[in-house]
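For reference, the structure discussed in these notes is given below.
The values are calculated or read from the model by the stated rules, or taken from the named source; none is laboratory data. This is a predicted model, so every value here is computed, not measured. Quick reminder, even Gly has a Cβ in these numbers, built from the backbone with ideal geometry, and neighbours come from all protein chains shown.
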């Protein structure tokens with residue numbers, strides 16, 4: 001049974017469909033609330049949504065996803081529907097996420113990042129077990145453009161603007177004169 005009803009969808013502040021859009025928006029939301037952007041690496045997402053008033057978030061995918069966080073050597077399973085309530089530096093009442101500890105899959109219900117930042121992230125289970133890892137293990141590397149390439153692009157834009165034709169129109173005397181300065 002789905003936790004996301006039509007009523008919840010209707011009250012959503014943000015609602016998106018399609019894998020690419022949901023990937024982008026889920027990473028943005030995680031970053032916005034102070035959590036690492038690689039925390040929910042689900043695949044083949046169908047929809048995602050956010051109810052800003054309550055902090056309720058959901059992500060739906062075509063199939064279960066299993067992901068191994070290489071930096072810490074841990075596997076995590078994401079169900080076809082993941083729900084949670086988000087607030088600054090915290091995910092609570094999390095459903096649909098399990099982490100492998102030794103030979104058992106343990107349900108995760110809460111994820112927090114220290115405030116002020118210490119570089120640690122904490123995971124809790126309903127039974128009270130918890131684990132702490134470095135935040136960096138869950139951050140995605142954002143590809144950075146080469147600075148030289150950016151400068152070249154900006155120079156091209158400035159040159160293109162400099163050779164652009166300028167249209168001059170005559171202004172009637174009834175309109176107040178405007179001083180124009182060349183940049």
Kindly indicate the residue of the stretch 1-43 that is surrounded by fewer than 15 Cβ atoms within 10 Å (Cβ to Cβ) and in contact (Cβ under 8 Å) with a residue 40 or more places away in the chain and also nearest to the chain's Cα centre (by Cα) among those meeting that condition. 13
Out of curiosity, is residue 47 more than 25 Å from residue 125 (Cβ to Cβ), surrounded by fewer than 16 Cβ atoms within 10 Å (Cβ to Cβ) and in contact with a strand residue (DSSP E or B) (Cβ under 9 Å, 6 or more places away or on another chain)? no
Number of positions in the stretch 58-100 that are under 19 Å from residue 139 (Cβ atoms), part of a strand (DSSP E or B) and in contact with a helix residue (DSSP H, G or I) (Cβ under 8 Å, 6 or more places away or on another chain): 3
Given (1) touching a residue at least 40 places away in the same chain (Cβ under 8 Å); (2) out of contact with any strand residue (DSSP E or B) (no Cβ under 6 Å at 6 or more places or on another chain); (3) closer than 27 Å to residue 131 by Cβ, residue 58 misses just (2)
Residue list for the stretch 78-126, restricted to those being surrounded by 17 or more Cβ atoms within 10 Å (Cβ to Cβ) and in contact (Cβ under 8 Å) with a residue 60 or more places away in the chain: 81, 83, 111, 113, 121
Scan the stretch 101-129 for residues that are outside any loop (DSSP other than H, G, I, E, B), over 21 Å from the mean Cα position of the chain (by Cα) and modelled with pLDDT of 95 or more and report the count. 4
Within the stretch 112-136, residues touching a helix residue (DSSP H, G or I) at 6+ places or on another chain (Cβ under 9 Å) and under 16 Å from residue 72 (Cβ atoms) come out as 113, 119, 120, 121
